[in-house]
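A short worksheet on the structure shown next.
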Amino acid sequence: MAVGLLMSAVAPALAQEAASSPPALPEPHPDMPAEFKQLLPRGHIASVDAPQFVTAAEAEISEDAWVLGVVVEGQARAYSLNLLNRHEVVNDHVGDTAFAAVW
């Protein structure tokens, strides 16, 4: 029931977004090879701003999956590269130390 209510509240906004014209792409950088094509304008890939973590044993990824690992204030974090391929940036913090994991 909650999912149905959420979708009914979100659906009109999604329909309006889909009906609007896509954002204009900037002119390509002059040094960009001609065979490269920009698909999205800058700033249109959503970041992950409130990452949720599980233990390695609880993670639902293969044991040989690639991750971006960081250690901040002695605490290790691992970010799935499959996730980062879609989002590119994770804004995170450990204690009072804010940082961005960028792929």
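Brief remarks on what is shown
- Top-ranked residue of segment 50-103 - restricted to ones that are among the aromatic types (Phe, Trp, Tyr) and assigned to a loop (DSSP other than H, G, I, E, B), ranked as farthest from Leu39 (Cα to Cα): Phe53
- Cβ-Cβ distances below 7 Å connect the following pairs, each with a first residue in segment 42-69 that is under 18 Å from Trp103 (Cβ atoms), a second residue that is assigned to a loop (DSSP other than H, G, I, E, B), and a separation of six or more residues or different chains: His44/Pro23; Ile45/Glu88; Leu68/Trp103.
- Some residue of segment 39-46 being at pLDDT below 85 and touching an Asp or Glu at 6+ places or on another chain (Cβ under 6 Å): yes
The values are calculated or read from the model by the stated rules, or taken from the named source; none is laboratory data. The structure displayed is predicted, hence computed values, not measured ones. Please note: Cβ atoms are built from the backbone with ideal geometry, for glycine as well, and neighbour counts cover all protein chains shown.
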